[in-house]
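**Student:** Shown below is the structure under consideration.
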Amino acid sequence: MNYLRPFQLVLTMLGLIMAVLLWVPSISAAPENNADYFVVRLYYESMAEVQQIADGGYDIWANERSARYLVVAVNGPQYQQLTAAGWPMTIDAERTAALEMIPDTSGRQSTFFGGYRTVDDLYSDLATLNAAHPTLTELVDYGDSYCKLQAGCTTLGGEQQAGYDLYAIRVTNEAISGTSTIADGVITQGSKPVFFLMANIHSREITTPELAMNMLDWLLDGYGQNADATWLVDWHELWIIPTANPDGHWLVELGTKPPYNSIPFYHRKNANRVGCDQWPPQSSYHYGVDLNRNHSFGWGGSGTSADPCSAIYRGAAAASEPEVVALQNLITAVIPDQRGPDLSDAAPDDTSGLFITLHSYGDLVLWPWGNTTTAAPNKAGLQAIGDHLASFNGYTSCQPSYCLYSASGTSDDWAYGVLGVPAFTFEVGNQFMPPFSQVAGVQWPQNGPALQYAARIARAPYTEVFGPDVVSLAVTSTSPMVTVTAVVDDIQSGNLPISATVFAVDTPYWAGGTEMTATAVDGVFDEPQETVAITLPTAVYGPGRQTVFIRAQDTTGYWGPTHAIFVDLTEDTTQHAYIPVVHNP
């Protein structure tokens, strides 16, 4: 920027006055936890100005697009730099105060900041779940963290950090063919569609491991109880990483322990100390490499920094960090490469697999490309999936350069760019560290259905997203025959008339199950939303629990994702005459 607009001068003077009033500690004084930095609202007129801030290495928390300001964490020198450059700013008093807010721990025995799990808690819970479900789960050590490879790290405060194994958990019914094999640390790819969910690559985003664990619990607790959870575990592979940055998470936890005894450190990066001596961590200025700027695809471009203390430090080279190398190796081992080598190559329509990385915050569903304004070759499919996911959680679906800022070397750009799978970033909620109760009370109810939908379309995401979804299923009659009623809906997928709805009993179509035609309750398929009915005579299917798999097609020919329901048929001794079921040609 080379000039100051008149309204900028006014806002800048107000910002300086507020800064003098609110920013009491000396910038050269030894900080006491987070006391020497604060949060500002930085006003902008265009996305080009947003990118100037991102490329400057500043710690952007959110982009409030409707009000046209960025939420940025700064220390004193950074505030002075921005002021000298003419950026209009005001102090965000509420967010600044939250930097020192101690949570209420009365609702749950506190393990960490009011109930959040530590890395040790997460790993203990993973081990417990793995032991409880020996035929459904496999706990996979896929590498070592930076500190473990260094035989331990020492913080600038003198604390010893041993480092961690990196853990993922695979969820699938191992008895069903197509499962990947794991032997002597080597993963051999299977043929089941893969849903890959990772969290906490930015360590201060402490709600995200909890959401990943919620998804894991939904799958395992629902197995045998919830028909969708059951068929997903049977027929898909679901890989979940609750924390991709355990060293960083440990540093976040450290802020709550002696001698600091305050709130968690706002540490975003891993524990690589090379080139930065800032201690304790400030949100906008601390050591480590930003693992979500270190991936090998598109590394070193916009939205990154060469300053080792910057919140968005990209590292010395692409994939320089062991956490990133191990993550890329794992994903490549379980998801096939389905896209050509050129940037303009589109992944084929029948691509299988889907990747989601959980971040906070901003209420966004982001899709590639993140490092440029150029449209991805599969933009239509990526946007359609993003929009559909956002219909569940109420977020904004967008390409980052148009709604947040451009960033390079990210995990979702890498997953799509290298493998061709649709890849998304969820920016969850409106805080990094909200009260723990928000996870179960707000964030999981919003995002659980979106994650479950994403898992359901993983077989053919680029096509199934354009087909109708089954939005409700219920058993509406049990005598003399069981009747299942379903609502199929194309409103979110194209708003076209439903052309057909089919169902299979016990065996889904992809495993050779026979699909039969369901009937429109109003007698004809001609609307974007239809209610359909299915009858299941006990004499044909026999008594016992049956799984009914349902999917629908619209007039473009796209089939939507499968939905399922359990139906318990009881023995019927009454004589009935049944009309034969007409099979689809």
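The values are calculated or read from the model by the stated rules, or taken from the named source; none is laboratory data. Worth saying up front: this structure is predicted, and the values here are computed from it rather than measured. Cβ coordinates were reconstructed from backbone atoms using ideal geometry, including for glycine residues, and neighbour counts include every protein chain displayed.
One line per residue, one yes/no per condition, for (1) in a loop (DSSP other than H, G, I, E, B); (2) in contact with a strand residue (DSSP E or B) (Cβ under 9 Å, 6 or more places away or on another chain):
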position	(1), (2)
Gln51	no, no
Ala54	no, yes
Val72	no, yes
Ser124	no, no
Ala127	no, yes
Asp141	no, yes
Ala151	yes, no
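**Student:** I've got another one for you. Kindly indicate whether any position in the range 524-534 is in contact with a Phe, Trp or Tyr (Cβ under 9 Å, 6 or more places away or on another chain) and at negative phi.
**Tutor:** Taking every residue of the range 524-534 in turn, at least one turns out to be in contact with a Phe, Trp or Tyr (Cβ under 9 Å, 6 or more places away or on another chain) and at negative phi.
**Student:** Among the residues of the range 497-514, which ones are surrounded by fewer than 19 Cβ atoms within 10 Å (Cβ to Cβ) and assigned to a loop (DSSP other than H, G, I, E, B)?
**Tutor:** Pro497, Asp506, Thr507, Gly512, Gly513, Thr514
**Student:** Separate question: Considering each residue of the range 357-372, count those that are among the hydrophobic types (A, V, I, L, M, F, W, C), part of a loop (DSSP other than H, G, I, E, B) and in contact with a strand residue (DSSP E or B) (Cβ under 8 Å, 6 or more places away or on another chain), and give that number.
**Tutor:** 1
**Student:** Give the range 451-465 a look and list any residue that's part of a loop (DSSP other than H, G, I, E, B) and either surrounded by fewer than 24 Cβ atoms within 10 Å (Cβ to Cβ) or modelled with pLDDT under 95 (or both), or say none.
**Tutor:** Arg459, Ala460
**Student:** Here are Val488, Val471: which of them is under 13 Å from Arg551 (Cβ atoms) and surrounded by fewer than 17 Cβ atoms within 10 Å (Cβ to Cβ)?
**Tutor:** Val471
**Student:** Where residues in the range 316-339 are assigned to a loop (DSSP other than H, G, I, E, B) and touching a residue at least 40 places away in the same chain (Cβ under 8 Å), which of them is nearest to Ile182 (Cα to Cα)?
**Tutor:** Taking the candidates together, the pick is Ile335.
**Student:** Taking the residues in the range 309-332 that are within 19 Å of Gln52 (Cα to Cα) and not aliphatic (A, V, I, L, M) as candidates, determine which candidate is surrounded by the fewest Cβ atoms within 10 Å (Cβ to Cβ).
**Tutor:** Cys309
**Student:** Going residue by residue through the range 482-491, is there one that turns out to be touching a helix residue (DSSP H, G or I) at 6+ places or on another chain (Cβ under 9 Å) and among the aliphatic types (A, V, I, L, M)?
**Tutor:** Yes, some residue in the range 482-491 is touching a helix residue (DSSP H, G or I) at 6+ places or on another chain (Cβ under 9 Å) and among the aliphatic types (A, V, I, L, M).
**Student:** Does Asp345 meet the test of being crowded, with 18+ Cβ neighbours inside 10 Å, over 27 Å from Val471 (Cα atoms) and modelled with pLDDT of 95 or more?
**Tutor:** Against the criterion (crowded, with 18+ Cβ neighbours inside 10 Å, over 27 Å from Val471 (Cα atoms) and modelled with pLDDT of 95 or more), Asp345 does not qualify.
Rundown of residues vs (1) of a type in the set (S, T, N, Q); (2) within 23 Å of Ala229 (Cβ to Cβ); (3) surrounded by 15 or more Cβ atoms within 10 Å (Cβ to Cβ); (4) assigned by TED's automatic domain parsing to the domain that holds Ser283, yes/no style:
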position	(1), (2), (3), (4)
Thr137	yes, yes, yes, yes
Ala151	no, no, no, yes
Leu156	no, no, no, yes
Thr181	yes, no, no, yes
Val186	no, no, no, yes
Phe195	no, yes, yes, yes
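**Student:** In the range 225-249, which residues are buried (at least 24 other Cβ atoms within 10 Å of the Cβ), under 18 Å from Asn447 (Cβ atoms) and either of a type in the set (S, T, N, Q) or not assigned by TED's automatic domain parsing to the domain that holds Pro449 (or both)?
**Tutor:** Residue satisfying the conditions is Thr243 alone.
**Student:** Moving on. From the residues in the range 250-296 that are among the aromatic types (Phe, Trp, Tyr) and in a loop (DSSP other than H, G, I, E, B), which one is surrounded by the most Cβ atoms within 10 Å (Cβ to Cβ)?
**Tutor:** Ranking the candidates gives Tyr266 first.
**Student:** Quick check: anything in the range 217-224 outside any helix (DSSP H, G or I), modelled with pLDDT of 95 or more, farther than 22 Å from Val442 by Cβ and assigned by TED's automatic domain parsing to the domain that holds Asp363?
**Tutor:** Yes: the range 217-224 contains one or more residues that are outside any helix (DSSP H, G or I), modelled with pLDDT of 95 or more, farther than 22 Å from Val442 by Cβ and assigned by TED's automatic domain parsing to the domain that holds Asp363.
**Student:** Find the residue count for the range 371-403, including only residues that are under 30 Å from Pro435 (Cβ atoms), buried (at least 21 other Cβ atoms within 10 Å of the Cβ) and touching a Ser or Thr at 6+ places or on another chain (Cβ under 9 Å).
**Tutor:** 5
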